[in-house]
Amino acid sequence: MSETTDGTVFIGGGGTHGGAPVRLNLKRINRHGLIAGATGTGKTVTLQILAENFSNAGVPVFMADVKGDLTGLCMPGSHEHKAHDALISRAEKIGFDDYGYEALPVAFWDMFGEEGHPVRATVSEMGPMLLARLLDLNDVQEGVLHVVFKLADEEGLLLIDFKDLRALLTEVSDRASEMSARYGLVSKASVAAIQRKLLMLETEGADAFFGEPALKLEDMIATDGGRGKVNVLAARRLMNSPRLYATFLLWLLSELFETLPEVGDPDKPVFVFFFDEAHLLFDRAPRPLIDTVERVARLIRSKGVGVYFVTQSPSDVPEDILGQLGNRVQHALRSYTPKDAKAVKAAAQSFRPNPAFDAADAIPNLGIGEALVSVLDPKGAPTPVERTLIRPPSSRLGPADAEEVRRLIAADPLHRIYAETLDRESAFEMLETRAQASAEAPEPPAERAQPEPSRMPKVTKNSKARAKAPPPQPSMANELLGAAASATVSMLKSRQGRAMVRGLLGGLFKGR
């Protein structure tokens, strides 16, 4: 049943055929980790048994279910399951004598509200940097988006959902001259481009994520009967929009960073965050974003949060971030091409060597459920790599019955909190009220100014010549002024954490 022993949890190994026994130190879980391996080599089961271990140790976890296999966590394994004999055989091989079946306390979440409690955030909470990445904006368009958020702050306009953002974009477009004078060039063309990308995102269903009631982290970071809650995000439909998937998980990570207090190195982590299909986070990511993720990986561990990246190859994770991942489980990688061979060699070199075997030779030959494992010892140093047979899961292997999942969702107290969407007065309604009041206000009487005869300008030969002269050409000073206006937008972007302290990891910018 994956009980803890002396502050450790059992991962696998042992017996006469299971390789060296491996236990993960609870106090070092917040030093992050990596689960890698080719499709079909056992990564999902490793993810499942880590969730079981952490939950039974009283640690809540979050994981995305990209294939639909993790719903089985809410049900105990069964003697009638087709894999029962194989699981029992594996338990015997590694000497897992107290192996048995049990369910975990699971909360199901779904951005679209179909297979779990709706999970939402407000546009304001998402912030301009993450929203720009979600919309795939260029630098100029991102600068305009920062202006939109700045205007919302200055005029007290709440940005909650897409209709609020769309209304504020229209307001900025209508006041483009004023905005340009205050913040630098804001073109109507850039606003229109952002509106078109919003429409594209809306057709993918992303608008369902923006709204209220927004997710409260305390509803995820919770325990049930002494066991940590396992938060499972239904991600099969979400994976059709990889940028939305990656941006949502980044947002959740940033909320954890900004919300949780400093706790140092606790005896066990406060929360464990699994980032499945991690390559989607770094695909086409700009260097500043990668640098920020690297910083949060380094800093968030003092808040008791462990971040575990799940992907096919360690090369999917940038090297600076890979260096922050202390606990590693490497399943098989196949070596069919020179590129594959290079990935295998790189994966092997990331481990502390074990004189008993060559990691580069072992990785392509690992069986299903077998892995190379290195964890951090009590002093924080990586242990030599071990070839280990991962223990069998105690919860159901594979998906749970869909009707049973629906029953659990309906019975969860969180269902009453998140099921219905709230639509309070925000930027859309406030701007609409402002426009209506302006339209109903009486117009002041027009005053016709008549020039005094004595002040009428005299027509001379010089004035006629000036009238016929061609318009003056832009001067070098005007060109420099235009360049300075564009630079102002870039400067505004660099201050997103100072004025608003919102968006991607805004806490990193506090006090600067």
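A few points about this structure:
- Two-site FRET efficiency, Ser177 against Leu217, from Cβ-Cβ distance with R₀ of 41 Å, rounded to 0.05: 0.45
- Sparse packing (at most 16 other Cβ atoms within 10 Å of the Cβ) combined with a DSSP loop state is found for the following GluC sites (Glu not before Pro) in the stretch 210-277: Glu262.
- In order along the stretch 181-198, the Karplus-derived 3J(HN,Hα) couplings, from 6.51 cos²θ - 1.76 cosθ + 1.60 at θ = phi - 60°, round to 5, 8, 10, x, 4, 10, 8, 5, 5, 5, 4, 4, 5, 5, 4, 5, 5, 4 Hz, and Gly and Pro are given as x.
- Label-to-label distance for Ser438 and Val263 is 5.0 nm, based on points extended 7 Å past Cα in the beta-carbon direction.
- Stretching the chain fully between Asp283 and Lys67 yields a gain of 75.7 nm (0.36 nm per residue, less the alpha carbon separation).
- Added length on full extension, which subtracts the Cα-Cα distance from 0.36 nm per residue, Ser89 to Arg196: 32.9 nm
- Cα gyration tensor shape for the stretch 141-215, rounded if a/c is under 1.5, else prolate or oblate: oblate
- Accessible-area composition of the stretch 1-127, carbon plus sulfur, in percent [1.4 Å probe]: 47 percent
- Ligands, DNA and RNA are left out, and with a 1.4 angstrom probe the accessible area of the stretch 61-152 is 34 Å² per residue.
- The stretch 283-323: C-alpha gyration tensor shape, a/c 1.5 cut-off, then a/b vs b/c: oblate
- Per atom type, the stretch 200-287 shows carbon and sulfur on 48% of its accessible surface, probed at 1.4 Å.
- Here Lys342 and Asp6 are evaluated by their C-beta separation; at R0 = 41 Å the FRET efficiency comes out at 0.55.
- Centre separation in Å (Cα based) which lies between the stretch 155-228 and the stretch 249-280: 24 Å
- Among Val106, Ser124, Gly37 - extreme Cα towards positive end, dipole of the stretch 16-164, charges at beta-carbon: Gly37
- Between Arg424 and Thr170, the modelled labels are 2.4 nm apart [label points 7 Å from Cα along Cα→Cβ].
- Distance between the pseudo-spin-label points of Thr203 and Asp401 (7 Å out from Cα toward the beta carbon): 4.1 nm.
- Rounded to the nearest 10 square angstrom, Val293 shows an accessible area of 10 square angstrom against a 1.4 Å probe.
- Computed over the Cα atoms of the stretch 336-406, pair by distinct pair, the Kirkwood hydrodynamic radius stands at 14.8 angstrom.
The values are calculated or read from the model by the stated rules, or taken from the named source; none is laboratory data. Computed from a predicted structure; not experimentally measured. In this analysis, Cβ positions are derived from the backbone assuming ideal geometry, glycine residues included, and neighbour counts consider all displayed protein chains. With ligands, DNA and RNA removed, areas are computed over all heavy atoms of the protein, side chains included. Shrake-Rupley method; radii C 1.70, N 1.55, O 1.52, S 1.80 Å.
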